[in-house]
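A short write-up of the structure that comes next.
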Amino acid sequence: MQNFLLKGLLSRPATEPAPTPAPAAVAELAVSVQARARQRLGRSLAIRHVDAGSCNGCELEIHALSNPFYDLERFGLRFVASPRHADVLLVTGPVTRNMAEALLRTYQATPGPKWVIGAGQCAADGGFFAGSYACCGGVSAVVPVDLHIPGCPPTPAALLRGLLALFELPA
Ligand code: SF4
């Protein structure tokens, strides 16, 4: 027991090294998204995130956008609590049958013009859960999708690139 305690006190923590500060590329991307949002909407971009049955891997990356590491609210990107305040629905997961009605109602409650982004492979085609009796097989099976962001899960940088690509779509 004493040896065990001594070993615990003297050995280095068994964790990964701390990440380096937020990559400049991500900050640059965020500034671009903000500029395009102001150009296109005249204000910042409001995003409503909808978890339609995700494994929560995509959520970890989406939440990372708001943490002190990326701190993207400083660039005018906002996650909002109600679809009535949103420009973009950011949907994750293969859309479980239990969530299909909720997703459809959220879409209907979002004022136009609106965009729908499917984030992650599950949102594109069901991903790992494709073919399951419990899933619809992707977001486009329930609501129209403007853009898919690939990845399992997509990184914060990939999510920002997706938002930028959205502004390239015709109004
Ligand atoms: S795309 Fe990957 S991380 Fe995202 S919900 Fe599906 S399995 Fe999870």
Pairs where the first residue, in segment 23-43, is among the hydroxyl-bearing types (Ser, Thr, Tyr) and the second is in a helix (DSSP H, G or I), C-beta under 7 Å, 6+ apart: Ser32/Leu164
Given (1) of a type in the set (A, V, I, L, M); (2) at pLDDT below 80; (3) surrounded by 11 or more Cβ atoms within 10 Å (Cβ to Cβ), index of the condition Ala18 fails: (3)
Residues that are more than 17 Å from Gly162 (Cβ to Cβ) and in contact with a Pro (Cβ under 7 Å, 6 or more places away or on another chain), drawn from segment 50-65: Gly53
Qualifying residue in segment 64-73 (condition: in contact with a Phe, Trp or Tyr (Cβ under 6 Å, 6 or more places away or on another chain) and outside any helix (DSSP H, G or I)): no
Filter result (surrounded by fewer than 21 Cβ atoms within 10 Å (Cβ to Cβ), in a loop (DSSP other than H, G, I, E, B) and among the hydrophobic types (A, V, I, L, M, F, W, C)) within segment 36-63: Cys55
Residue match in segment 59-69 (condition: among the hydrophobic types (A, V, I, L, M, F, W, C), modelled with pLDDT of 90 or more and farther than 26 Å from Phe129 by Cα): no
Segment 114-150, subset open to solvent by less than 30 Å² (accessible area, probe 1.4 Å) and in contact (Cβ under 8 Å) with a residue 60 or more places away in the chain, residue farthest from Asp71 (Cα to Cα): Cys135
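If you check Leu159, Leu103, Leu164, which single one turns out to be surrounded by fewer than 18 Cβ atoms within 10 Å (Cβ to Cβ) and either within 12 Å of the ligand (Cβ to nearest atom) or not basic (Lys, Arg) (or both)?
The conditions single out Leu164.
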Test: residue in segment 115-122 that is assigned to a loop (DSSP other than H, G, I, E, B) and over 25 Å from Leu164 (Cβ atoms): no
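The values are calculated or read from the model by the stated rules, or taken from the named source; none is laboratory data. A quick note: this is a predicted structure, and the numbers were derived from the prediction, not measured. We place every Cβ from the backbone using ideal geometry, glycine too, and count neighbours over all the protein chains shown. In case anyone asks, the SASA skips ligands and DNA or RNA and just uses the protein heavy atoms, side chains included. Shrake-Rupley method; radii C 1.70, N 1.55, O 1.52, S 1.80 Å.
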